[in-house]
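What follows is calculated from the coordinates using simple rules that are stated; it is not laboratory data. Please read these numbers as outputs of a predicted model, since none were measured by experiment. Positions of Cβ are backbone-derived with ideal geometry, glycine not excepted, and every protein chain shown enters the neighbour counts.
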């Protein structure tokens, strides 16, 4: 399979929580990232987590890391219409010479 | 103002011409990366550099070339050998912890 995988779409109602999931293959990954991309724009770094952490919270964003299962998630609390975008997870593949490798991206749609 | 700058934002070229995309950073980051994004697709790694005067091929290096003569600069040349060059090109730089992107260059080859 791919080095980093994400589901393609997620639809939520405004005010609900969104959970975007990511799985990766390299167990020696050190840093894991979440980015947001709006149409026609570059990628905005939302948050990152070091591999020795289980959780990181930053305002409405919570990142959970399960190293055993190689699973990363991003929870967005109180999701707003402005959160509609594509979300990418990315990992440093230390086994591949520190390549920064991305998932396919999850399109988040927030409905009123 | 610190950050990573890509220029130009839009670029048009005739088929068969080489074209160079600029990427400059003043973040003092050692590592820099070039990605290609096609419509509705994720990011594919073209080339990356972990230090000045050194770079490695990514997953789709054919038809592209790079140089890293200065820490601040990592230009990407799209050569005439690249079969489908029309795409959105993104440059990133990375410290030990954070990785930031430029705003991208949209290249259209006609």
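Using a basic spin-label model with each label point 7 Å from the Cα along Cα→Cβ, how many nm lie between residue B:97 and residue A:111?
Reported label-point gap for residue B:97 and residue A:111 is 3.9 nm.
If you take each beta carbon of peptide A:99-105 and count the beta carbons of other chains within 10 angstrom, what is the mean?
Rounded to a whole number, the mean comes out at 6.
Restricting to Cα pairs below 8 Å that are 6+ residues apart, what does the relative contact order work out to for chain B? Please round to a whole percent.
Contact order relative to length: 35 percent.
If you count, for every residue in B:57-65, the Cβ atoms of partner chains within 10 Å of its Cβ, what is the mean?
Partner Cβ neighbours, averaged per residue: 1.
Calculate the length of the line joining the C-alpha centroid of the stretch A:69-112 to that of the stretch B:61-110, in whole Å.
For the stretch A:69-112 versus the stretch B:61-110, the Cα centre distance is 22 Å.
Taking the Cα-to-Cβ direction at residue B:28 and at residue B:14 and moving 7 Å from each Cα, how far apart do the two end points lie in nm?
4.6
Once R0 is set to 35 Å, what does the formula 1/(1 + (r/R0)^6) return for the Cβ-Cβ distance between residue A:68 and residue A:41, expressed as a FRET efficiency to the nearest 0.05?
0.50
For the modelled label position 7 Å from the Cα of residue A:98 along Cα-to-Cβ, which residues of the stretch B:22-51 have backbone nitrogen atoms closer than 15 Å?
B:28-34, B:48-51
Nearest 0.05, what FRET efficiency do residue A:51 and residue B:61 give at R0 = 25 Å with Cβ-Cβ as r?
Computed FRET efficiency for residue A:51 and residue B:61 comes out at 0.35.
Once R0 is set to 22 Å, what does the formula 1/(1 + (r/R0)^6) return for the Cβ-Cβ distance between residue B:50 and residue B:73, expressed as a FRET efficiency to the nearest 0.05?
Using R0 = 22 Å, I get an efficiency of 0.90.
Looking only at other chains, what is the average number of their beta-carbon atoms within 10 angstrom of each beta-carbon in B:39-47?
4
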